[in-house]
Structures are given as structure tokens and as C-alpha cells.
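Reading through the C-alpha cells given below for one structure.
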Amino acid sequence: MDINTETRRSVAFIGSECYPFVKTGGLGDVMYALPKALADLNCDVKVILPRYHCIPWKYQEKMVYRGSFNMDLCADGTSYYVGIMEYVWDGVVYDFIDNDDFFTNGNPYTNLVDDIPKYCYFSKAALAALNYMNWIPDVIHCHDWQASLVPVLLRTQFADTPIKDAKTIMTIHNLRFQGVYNIPTIRYWTNLPEDVFNIDVFKTGYEDANILKAGLAYADIITTVSDTYAGEIQTPFYGEHLDAHMRHHAGKLRGIVNGIDVVQWDPKTDPKLAANYDISEVLPQKKLNKKALQEELGLEVDDGKFIIGLISRLTDQKGLDLVDAVLPGLIDGNTQIVVLGTGDAKYEDAFRYYENEYKGTVCSCIMYDEGRAHRIYAGADALLVPSLFEPCGLTQLIAMRYGTVPIVRETGGLYDTVEPFNQFTLQGNGFTFDRYEADLLYDAINRAKTVFFTDRWHWDEMVQRDMAKDVSWEASARQYRELYMELKPQ
Ligand code: ADP
Ligand code: GLC
């Protein structure tokens, strides 16, 4: 049936970050791009976010006051102000929950001592705001632990309020982060009854409560961001101590792979690039971007060099121990390495050390910089994503869109989105390795280099195949829409 004549679905997205207001990683990209894609599929979408102080003023000043009220929150009856500030953009309505007690610090996260109360407040305020605005969606789509109290509150404290008719979806973007804290603290900040602090809902270990676990138990449907990760999280290695819980709820668990916003990420129109290009001009134009990148970063300017990019949060999830192990071995006079990221001090220091050791060959940008990320995607030849685990991964998708060949470990969404180059059939989009071992990463990079240096014709064909690949949200947004239809048949 034509999507425009099908019943319209309304959905409220609740999550802790959203590009361009606030973003620390892929969750921010998804919270921006998926609602837009759903709006194009005839869905009515509201995105509910905290109004953090770190949101740039150019957005804050455009927000319009929608109302305010006081809300009871804590077990001792303490109540807090809830303001609603609205911003409408590109078919999507953004409602920001305003409260200075909770959202002044952090970028946007600080530490669990502050973050637990912050997101207990936010989850309840989001539901209360929907009731206040009298906007009762068909589906409430919650993202990661920061919004994971929503399904629980909906079926308990909000069970007799108008919002009760909504169904819930919990999407796991990263099972590692669960919002675990001691039971008394979480009981205090949620004022939930003792009986939900049992082993099937909140309780974890002897004395802790796990907010994500509880949300997963109460949600009508659980999704995660790739099919492979949906399977992996049911195993002890990837399950982050929740594998049994995931297996228990496997009947309502689905994997839907992420896409990227192909307007935001379009080498043909990207204003941040030195030279724009589409698939027909990629080979000459990419050389211009490569030159500009080498100049920008103080690398030796030579388009014959093989530039490997790495754009990542610097945490152990991202396979940086493997990179650390192989990096010196990659320095051969023909290879340059560009790192852009922030995170754990041990990785930041390691990359600073390599930049110093191999001046003009390795450049480590220990910073968060959107513009530079765009220029690395366009100017590098290959992008490294050797993750220990990767629920979906967006950097390999962006790389392909920019004609940059991904080198990835076969895990999670990396496995689902990068087809390994086959030297016999001459098909594939990138280079892959399976076990988490430095030698295998080294071997994958060397296979890439061999094709780049000795078989450029086939390398260039792969670059064009990558650009031709559909990495948009189109297909996956339709799958979410079908889920909304299933949850609320009419
Ligand atoms: P994760 O969400 O686990 O961090 P993803 O691959 O899903 O990983 O998404 C990462 C997103 O963050 C991409 O849009 C990537 O370009 C961006 N990114 C990561 N680090 C930086 C950085 N230092 N500067 C700019 N953008 C970054
Ligand atoms: C998480 C995951 C990443 C995924 C992103 C968006 O941050 O680490 O793999 O792409 O969420 O879903």
C-alpha cells in the first residue's frame, strides 16, 4: 500500500543526545536522522531531549516556550520544575525539557553520581510533558539507558494517565552502558515500589539496580542497531552480563541496521570539503581532498601515499589495543595515518606519542571536530574500524559514502555492512578480519595496501562500488515504521 494513504503513526523519540544540538557519538546521529526519515514516511515525530546548557546558543535562542509545571519525583516527595521549550525543524518537532538543577553540567554526560538523578528526572519529565501537551503518541521510542525508565514508569506511575495507551520500543545502541547504581539511590530518585526491584526487572548482583535491564523487561519491543549484534548480545562475550536477560526476552528482540543521513553526509554538496564530488568525479576530486588534508595536518604532501583514517571515541570498544600493537609496523614510507578522537588517556597518550615519533607520517588530532571529520572521510584512502564490539558503527557507512574503503573487524554492524573484497570475483566493499588479534588486523591492512599499490584499477572500482552502496535510512526507517504498525494495529 502507498505509504501516504496508510494510517499515519505518531511516535515520540526519547533520548539523551541529538545532532546538531548535542552529540558525543552515533546515538546523536541516529536521533537526528531517523526521525527525519520517518517524517518522510508519513510519521508524526516528536523528539524529546534534555535542554542541556552545552547546546549552542544559536539553537537555544530559537526555542519557544510551550509551558511548565511542577512534578513530584523523589521518594520523599521532592518535586521539580519541568519547562518545555520547542523547536520545529525539517518536519520534526523537538521538545526540550528545561531544568537548571539537572542540565547545567556536562557535555552532556558527567559521571553516574550526577547522571543517575539527571536521567531519572528526564525520563519522568518526558512522559509528564507528553501528558501536559496532550500529545499521546502511538509509540514511545526510547534510546539507551538514559531513557530506559520510560517503559517502567509508563506501566506503573503513569498507568492511569492518558499516555498509558502508548506502546514502547527500547532501542539498544550500546549494551555496555546500563545505568547501574545502588538500589536505595535509584529507589529514591524514581519512587518506584519495592516489588520492581527484583531479579527480573531492576536487580543486578546483590545490591544494585540496572536501569537498562528494567526498561528492556517492560518494553513491548526491543530493537538493536544491527542483526548480528542482536544475536551477539545473547552470548556471554558480548552480553555485558545481561546475556541471560537478552535470551529471556529474545522473542521481542529485533535487529535493524542503522543508516546515515545522506543529505548531511553528501560529498557532492558538503561545504566542509576542499573539493566536492559524486561517483563520476571521485577519483580526481579525492586527490584534491587528500592534498588539502595533508596540508591541513602537516603531513608530507604526496598523493601516492596511502592514508589510513581513524575517527573514533578512544575507548577499548574501538579496537585501539590492536591499532597500538600494529601501528609501528605500518610505517613503511608509503603510508600515512590520521587519527581523530578523544577518550581514555592511555589511548590519547599513545597516539600523541606516535605523532611525535613519526612526524609528517602520523597525525593525531586529540579533539572532537565535526569539520575535520568530514575532511578525513573525504581525503583518506581507507578508514579503520577494528572494534572489539560494534553494535552498528556509522563511520564505516560514512566512509563508503565518501569513497573511502573501510577496514573492519567482522563484528556487529561492521559484519552486516561491509562485504569483504574478493580478489577472484572482484566484488566487495572493504577489507575485514574475524578474530580480535593484532596479526589479523595487520594482515587486513596489508591486503588493502597490496591492492592499492599493485592493483589500482581494482581499488578504484571498489571506491566506486562503495559510493554506489545504499547507506541511507530509507530501508531501515521502513522497518521501524512496520514495527510501529505492528504494535498499534488499527
Ligand atoms: P559510537 O557511537 O560508538 O561512538 P559510531 O560509529 O556509531 O560510533 O558513531 C560515531 C560518530 O561520531 C560518527 O558520526 C563520527 O564521525 C563521529 N565522531 C567520533 N569521534 C569524533 C571526533 N573526534 N570528531 C568528530 N566526529 C567524531
Ligand atoms: C552506539 C554504538 C555504535 C552505533 C551507535 C548508533 O554508540 O557504539 O556502534 O552505531 O550507537 O546506533
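Here is a check on your reading of the model: is Gly231 open to solvent by 20 Å² or more (accessible area, probe 1.4 Å), small (Gly, Ala, Ser), more than 16 Å from ligand 2 (Cβ to nearest atom) and assigned by TED's automatic domain parsing to the domain that holds Leu127? When the stated conditions are applied, Gly231 does not pass them.
Show the residue pairs that are 6+ apart or on different chains and have beta-carbon atoms under 8 Å apart, the first residue being within the range 417-438 and buried (at least 21 other Cβ atoms within 10 Å of the Cβ), the second being hydroxyl-bearing (Ser, Thr, Tyr). Partner pairs satisfying both residue conditions: Thr417/Ser226; Val418/Thr432; Thr432/Tyr415. Return the pair list, or none, for Cβ contacts closer than 8 Å from residues in the range 353-370 that are of a type in the set (A, V, I, L, M, F, W, C) to residues that are open to solvent by 60 Å² or more (accessible area, probe 1.4 Å), at least 6 apart or on different chains. Taking only residues 6 or more apart or on different chains, the pairs are Val362/Glu355; Cys363/Glu355; Ile366/Arg352. Looking across the range 376-388, the residues that are buried (at least 24 other Cβ atoms within 10 Å of the Cβ) and not small (Gly, Ala, Ser) come down to Ile376, Tyr377, Leu383, Leu384, Val385, Pro386. Restricting the range 374-405 to residues that are more than 23 Å from Asp302 (Cβ to Cβ) and among the hydrophobic types (A, V, I, L, M, F, W, C) leaves a set whose member that is farthest from ligand 2 (Cβ to nearest atom) is Met400. Please enumerate the residues belonging to the range 168-187 that are open to solvent by 70 Å² or more (accessible area, probe 1.4 Å) and either among the aromatic types (Phe, Trp, Tyr) or in contact with a helix residue (DSSP H, G or I) (Cβ under 9 Å, 6 or more places away or on another chain) (or both). Those that are open to solvent by 70 Å² or more (accessible area, probe 1.4 Å) and either among the aromatic types (Phe, Trp, Tyr) or in contact with a helix residue (DSSP H, G or I) (Cβ under 9 Å, 6 or more places away or on another chain) (or both): Arg176, Phe177, Arg187.
Check the range 312-334 and report whether any residue there is assigned to a helix (DSSP H, G or I), within 16 Å of ligand 2 (Cβ to nearest atom) and charged (D, E, K, R). Within the range 312-334 (the criterion being assigned to a helix (DSSP H, G or I), within 16 Å of ligand 2 (Cβ to nearest atom) and charged (D, E, K, R)), the answer is yes, since at least one residue qualifies. Residues that are open to solvent by 40 Å² or more (accessible area, probe 1.4 Å) and either in a helix (DSSP H, G or I) or at pLDDT below 95 (or both) within the range 461-476 comprise Glu461, Gln464, Arg465, Ala468, Glu474, Ala475, listed in sequence order. The residues of the range 137-189 that are of a type in the set (Val, Ile, Thr) and either within 16 Å of ligand 2 (Cβ to nearest atom) or more than 27 Å from the chain's Cα centre (by Cα) (or both), listed by number, are Thr156, Thr161, Ile163, Ile169, Thr171, Ile172, Ile183, Thr185.
Only residues that are in a loop (DSSP other than H, G, I, E, B) and open to solvent by 90 Å² or more (accessible area, probe 1.4 Å): list them for the range 45-67, please. If the condition is that a residue be in a loop (DSSP other than H, G, I, E, B) and open to solvent by 90 Å² or more (accessible area, probe 1.4 Å), then His53, Glu61, Lys62 are the ones that fit. Across the range 367-423, the number of residues qualifying as polar (S, T, N, Q) and within 16 Å of the chain's Cα centre (by Cα) comes to 5. Val11 meets the stated requirement of being away from ligand 1 (no atom under 16 Å from the Cβ), open to solvent by less than 40 Å² (accessible area, probe 1.4 Å) and touching a His at 6+ places or on another chain (Cβ under 9 Å).
Selection of first residues in the range 296-309 that are more than 9 Å from Gln336 (Cβ to Cβ) and open to solvent by less than 50 Å² (accessible area, probe 1.4 Å) and of second residues that are at pLDDT 95 or above and assigned to a loop (DSSP other than H, G, I, E, B), restricted to Cβ pairs under 8 Å at least 6 apart or on distinct chains, gives the following pairs, ordered by first then second residue: Gly304/Asn334; Gly309/Ala380; Gly309/Thr404.
Scanning the range 111-135 for residues that are surrounded by fewer than 18 Cβ atoms within 10 Å (Cβ to Cβ), among the hydrophobic types (A, V, I, L, M, F, W, C) and free of Cβ contacts under 8 Å to residues at least 40 places away in the same chain turns up just one, Val113.
Note on the range 33-44: residues that are outside any strand (DSSP E or B) and either surrounded by 22 or more Cβ atoms within 10 Å (Cβ to Cβ) or among the hydrophobic types (A, V, I, L, M, F, W, C) (or both) amount to 7. Of the residues examined, Tyr80 is one that is over 20 Å from the mean Cα position of the chain (by Cα), open to solvent by 20 Å² or more (accessible area, probe 1.4 Å), over 30 Å from Ala39 (Cα atoms) and modelled with pLDDT of 95 or more.
Is one or more of the residues making up the range 231-245 within 16 Å of ligand 1 (Cβ to nearest atom), more than 20 Å from Val180 (Cα to Cα), in contact (Cβ under 8 Å) with a residue 24 or more places away in the chain and in contact with a Ser or Thr (Cβ under 8 Å, 6 or more places away or on another chain)? Yes, there is a match, as at least one residue in the range 231-245 is within 16 Å of ligand 1 (Cβ to nearest atom), more than 20 Å from Val180 (Cα to Cα), in contact (Cβ under 8 Å) with a residue 24 or more places away in the chain and in contact with a Ser or Thr (Cβ under 8 Å, 6 or more places away or on another chain). Within the range 317-339, one or more residues are touching a residue at least 40 places away in the same chain (Cβ under 8 Å), within 16 Å of the chain's Cα centre (by Cα) and within 16 Å of ligand 1 (Cβ to nearest atom). Within the range 448-459, the residues that satisfy the criterion of being within 25 Å of Leu327 (Cα to Cα) and either among the aromatic types (Phe, Trp, Tyr) or surrounded by fewer than 17 Cβ atoms within 10 Å (Cβ to Cβ) (or both) are Thr450, Phe452, Phe453, Thr454, Asp455, Arg456, Trp459. Every listed requirement among (1) within 16 Å of ligand 1 (Cβ to nearest atom); (2) among the polar types (S, T, N, Q); (3) open to solvent by 60 Å² or more (accessible area, probe 1.4 Å) is met by Asn70 save one, (1).
Can you work out which of the residues in the range 253-280 that are open to solvent by 50 Å² or more (accessible area, probe 1.4 Å) and among the hydroxyl-bearing types (Ser, Thr, Tyr) is farthest from ligand 1 (Cβ to nearest atom)? Within the range 253-280, the match that is farthest from ligand 1 (Cβ to nearest atom) is Ser280. Condition check for Asp349 on (1) touching a strand residue (DSSP E or B) at 6+ places or on another chain (Cβ under 9 Å); (2) over 29 Å from Tyr277 (Cα atoms); (3) open to solvent by 10 Å² or more (accessible area, probe 1.4 Å): one failure, at (1).
The values are calculated or read from the model by the stated rules, or taken from the named source; none is laboratory data. Quick caveat, the model's predicted, so the values are computed rather than measured. No Cβ is skipped: glycine too gets one built from the backbone with ideal geometry, and neighbour counts run over all protein chains shown. The accessibility values were calculated without ligands, DNA or RNA, using every heavy atom of the protein model including side chains. Shrake-Rupley method; radii C 1.70, N 1.55, O 1.52, S 1.80 Å.
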